[in-house]
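Chemist: Pasting a structure below so you can have a look.
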Amino acid sequence: MNFQTTKQHEEFRAKVRAFAESEVKPVAFLLDKENRFPDEIVSKMGALGLMGVPYPTEYGGAGLDVLSYAIAVEELSRVDGGTGVILSAHVSLGSWPIFAYGTDEQKRKYLAPLARGEKIGAFGLTEPNAGSDAGGTETTAVLKGDHYILNGGKIFITNAPKADTYVVFAVTTPDIGTRGISAFIVEKDFPGFDFGDHYDKMGIRSSSTAELIFNNVPVPRENLLGKEGEGFKIAMATLDGGRIGIASQALGIAQGAYDSAVEYAKERVQFGKPIGFQQSISFKLADMATKLRCARMLIYSAAELKEHHEPYGMESAMAKMYASDIALEVTNDALQIYGGAGFMKGMDVERAYRDAKITTIYEGTNEIQRVVIASHILGKPPR
Ligand code: CAA
């Protein structure tokens, strides 16, 4: 399996890195401090083509590959994990199910403005009683005439309330488990659709996260995504791809912290020489670099499998699990290298340490990733 980046990938990386360094990095501290969504940055990301990286140009996308998309999330997250997840949730979760399961009309109406960056996308799956057990969805959609009437609510929804278009999962046939769940495209302005308060989070504070509240929301019948009862499979397939995005976010956060730690280790002098030349620090850096390289290989190979329409669910779960686990270790080590200075607000490593934590939790906890990986190895348990 070849997962080398090409010259085009590295040119694309350089373009995203230049944008991230000049536009995102200077404000990342304030966005985090003020818990503020970067509206202007997101519109510039749209103008740069980042909001539709892997989608065909005929639907407003940049027509690049999945690996380019992973690189874009990685490079944004290298300076700000919050901005990285805005892109990941928009591309992987808000847009992909419409790309993969939408009719041509749905793609033209909803995917194209998302891919052009004119609209922002989100994904409404998680509920108070349906987190890891996504099949426990309680939100309902009852068909009445030409509309499904949506009732219920979703929690922890990335990009809400900023997003315009939501892919929402609801029960259309009760009492038959996951096969009774359907997917819908819901517009922000549909009557009865409301939002809870923007959460005050530990990390990724530049991304917005809110509850979705559905109170008799009429969703036109033509906004059913796929067929009735296909929703759970759509959600699972979407998350297979989403995990490449979160893995890339984790990698980027860790890479940023590592890069800062290397610089600091070269500059900071103690006991008569830069601390990087003390074995306690140089060995840490060696371990950090090795973990980053392993994570990158896992992520890029999963991206390449997806690009070539080969099975990749196990590989994306491995990439997400590993990259997020090592992001915690690498950001912790980076902060340790900074010592007391790293513990101070305003230091990039302090923010990276907080931003990294969520990557082991969302889009499936790392415990759920192990369930997914094991199910690929062992299949279904005997009855
Ligand atoms: N692709 C397609 N179909 C799939 C699938 C996949 N990857 N995984 C499972 N399915 C199908 C199965 O084949 C099965 O189909 P049949 O009914 O035809 O047999 C059906 O779905 C049910 O499968 P399971 O019995 O395996 O389902 P389960 O109820 O045991 O759940 C699970 C499996 C892996 C634990 C799943 O519930 C899961 O992934 N949970 C985690 C949810 C999650 O990741 N939430 C994240 C929310 S989004 C988020 O975090 C976004 C953000 O903020 C950025």
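The values are calculated or read from the model by the stated rules, or taken from the named source; none is laboratory data. In this text the structure is predicted, and so the values were computed from the model without any measurement. With ideal geometry, Cβ positions are generated from the backbone for all residues, glycine too; neighbour counts draw on all protein chains shown.
Chemist: For segment 348-374, what are the residues that are more than 8 Å from the ligand (Cβ to nearest atom) and over 17 Å from Ile326 (Cβ atoms)?
Modeler: Passing the criteria: Asp348, Glu350, Arg351, Ala374.
Chemist: Sticking with this one: Please go through segment 327-346 and pick out each residue that is within 21 Å of the chain's Cα centre (by Cα), within 14 Å of Leu285 (Cβ to Cβ) and not charged (D, E, K, R).
Modeler: Residues satisfying the conditions are Val330, Thr331.
Chemist: To continue, here is another question. Which condition number does Val167 fail, the rest of (1) part of a strand (DSSP E or B); (2) of a type in the set (A, V, I, L, M); (3) over 16 Å from the mean Cα position of the chain (by Cα) being met?
Modeler: Answer for Val167: the failing condition is (3).
Chemist: Would a scan of segment 214-225 turn up a residue that is touching a residue at least 40 places away in the same chain (Cβ under 8 Å) and within 14 Å of the ligand (Cβ to nearest atom)? If you could, list the steps in order and put the result at the bottom.
Modeler: We begin by selecting, within segment 214-225, every residue touching a residue at least 40 places away in the same chain (Cβ under 8 Å); these are 214-225.
Next, from what is left, pick out any that are within 14 Å of the ligand (Cβ to nearest atom): none.
No - not one qualifying residue is present in segment 214-225.
Chemist: Would you pick out the residues in segment 170-211 that are closer than 22 Å to Lys109 by Cβ, in contact with a Phe, Trp or Tyr (Cβ under 8 Å, 6 or more places away or on another chain) and assigned to a loop (DSSP other than H, G, I, E, B)?
Modeler: Passing the criteria: Thr172, Lys188, Gly192.
Chemist: Evaluate the following for Val217: is it within 16 Å of the chain's Cα centre (by Cα), surrounded by 21 or more Cβ atoms within 10 Å (Cβ to Cβ), modelled with pLDDT of 95 or more and of a type in the set (Val, Ile, Thr)? Write out each step before concluding.
Modeler: Working: within 16 Å of the chain's Cα centre (by Cα): no; surrounded by 21 or more Cβ atoms within 10 Å (Cβ to Cβ): yes; modelled with pLDDT of 95 or more: yes; of a type in the set (Val, Ile, Thr): yes.
Spelling it out, it is not the case that Val217 is within 16 Å of the chain's Cα centre (by Cα), surrounded by 21 or more Cβ atoms within 10 Å (Cβ to Cβ), modelled with pLDDT of 95 or more and of a type in the set (Val, Ile, Thr).
Chemist: Failed condition for Ala160, given (1) in contact with a Lys or Arg (Cβ under 7 Å, 6 or more places away or on another chain); (2) assigned to a loop (DSSP other than H, G, I, E, B), with all others met?
Modeler: Evaluating Ala160 over (1) in contact with a Lys or Arg (Cβ under 7 Å, 6 or more places away or on another chain); (2) assigned to a loop (DSSP other than H, G, I, E, B) leaves (1) as the failure.
Chemist: Of the residues that make up segment 150-165, is at least one surrounded by fewer than 19 Cβ atoms within 10 Å (Cβ to Cβ), touching a residue at least 24 places away in the same chain (Cβ under 8 Å) and in contact with a helix residue (DSSP H, G or I) (Cβ under 6 Å, 6 or more places away or on another chain)?
Modeler: Checked segment 150-165: no residue is surrounded by fewer than 19 Cβ atoms within 10 Å (Cβ to Cβ), touching a residue at least 24 places away in the same chain (Cβ under 8 Å) and in contact with a helix residue (DSSP H, G or I) (Cβ under 6 Å, 6 or more places away or on another chain).
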